[in-house]
1. Tell me, which residue of region 195-218 that is among the hydrophobic types (A, V, I, L, M, F, W, C) and modelled with pLDDT of 90 or more is farthest from THR246 (Cα to Cα)?
2. Only strands (runs of 3 or more DSSP E) wholly contained in region 134-237 count here; list those with 1 or more residues that are closer than 16 Å to PHE95 by Cα, among the acidic types (Asp, Glu) and touching a Ser or Thr at 6+ places or on another chain (Cβ under 9 Å).
3. Being part of a loop (DSSP other than H, G, I, E, B) and touching a Gly at 6+ places or on another chain (Cβ under 8 Å) is the filter; apply it to region 287-313 and report the residue that is modelled with the lowest pLDDT.
4. May I ask you to list the residues in region 90-102 that are closer than 18 Å to THR178 by Cα and part of a loop (DSSP other than H, G, I, E, B)?
5. For the structure I just gave you, tell me whether SER68 is over 22 Å from ARG146 (Cα atoms) and not β-branched (Val, Ile, Thr).
6. Of all residues in region 41-73 being acidic (Asp, Glu) and surrounded by fewer than 20 Cβ atoms within 10 Å (Cβ to Cβ), which is farthest from the chain's Cα centre (by Cα)?
7. Within region 103-117, is even one residue small (Gly, Ala, Ser), more than 30 Å from GLY210 (Cβ to Cβ) and not in a strand (DSSP E or B)?
Amino acid sequence: MSKRANPTATTARSGLKSSFPFLLGFVLFSTQAYAVRPLLLERTLSGHTDSILCVAFFPDNRTAVTGSRDKKVKIWDIPTGRVLRTLEAHTSYVFTVAVSRDGTRIASAGDDRAVHVWDVKSGKLIALLEGHTSVVVRLIFLPDGRILSAGHDSLRLWDVDQEKLIWKSDHGLSEMDTSADGKRAVVTRYSDGVHEVWDLTTRTMIQTLGNAGPMHPGLAISPDGARVVGEDNSRAGQTECWSVATGKTSPSIGTALGTERFTFSPDGSLLLRGTTAPAYGPATVFDSKTWKPLCELEEPANGREMTFSFAVSPTAFSPCTSISTCWLPTLNSS
């Protein structure tokens, strides 16, 4: 592992007065009729001292990890709301976190350009993947344990155990998502906002989607790798669904300015569309076949200013799921 400032891992209980929270809600519904009840706020978890920028669930559905502007990564026990461990090694904002498929490793990255890989049990930094020349915006563990990282400079594939770069693309990205089997990736080019679909087995681009225009965030590929949801950057605010095979769009899902994240449920039947601010409307769950809106994430009682990240639990929406949202609260001046 490359030599950097000594990382530290600490355990603590949450509840700091100046801490920044993320919200956790549950959705219950009938699998036969999708009769969804309103999204209910289950828990607010507090402990970071600055805005939370990213969140991910563990496979056990009871543990989550967050990254923050406070340069820290925290592991949470969801039922109790306790901070299980705090991981410290980053020198700047943490924009993305990911959990391995077996839940034994965490990866984190952000403004300091290095991908940090942690052992969950010990809290130790076990790999430092360096080489990005710009901010890293997205990390995903593939089923075989390799890591795919997207930065404003390139898309990179890493062998974690060897701390070795396997492959990288020749242009920068602003968004990235992968199919459940890790064989396809969809990315948004940082230069012009056009989406690309990559075959990760052959490491070749197989499809381009949308038109060039001002870049808008938010992108997802269905678990089976057949569909991509995002914005055609020449049509601001329009949520489109493309066929990967044909590159053609189905009827638009509708307009939502300020979209920050799209996330499919693991079975692909539902889609979460999240927005960045109350003025743009709440996060919405759709039936991904009909695009009928099923429920919305209500605002917390004391309001919020900005939502930075959304995540859907691995157990999908059957019979319940967790949807977490990281948000910046409105703070009193007093």
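1. Here the residue is LEU200.
2. It comes to 173-178.
3. Once the filter is applied, the top-ranked residue is LEU297.
4. The answer is SER100, ARG101, ASP102.
5. When the stated conditions are applied, SER68 passes them.
6. Selected residue: GLU42.
7. Yes, because at least one residue in region 103-117 is small (Gly, Ala, Ser), more than 30 Å from GLY210 (Cβ to Cβ) and not in a strand (DSSP E or B).
So that you can scan it fast, the table gives a plain yes or no per residue for (1) touching a Cys at 6+ places or on another chain (Cβ under 6 Å); (2) surrounded by fewer than 19 Cβ atoms within 10 Å (Cβ to Cβ); (3) modelled with pLDDT under 60:
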position	(1), (2), (3)
THR10	no, yes, yes
THR31	no, yes, yes
LEU39	yes, no, no
ILE75	no, no, no
LEU87	no, no, no
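The values are calculated or read from the model by the stated rules, or taken from the named source; none is laboratory data. For clarity, every value in this text was computed on a predicted model and none was experimentally measured. We place every Cβ from the backbone using ideal geometry, glycine too, and count neighbours over all the protein chains shown.
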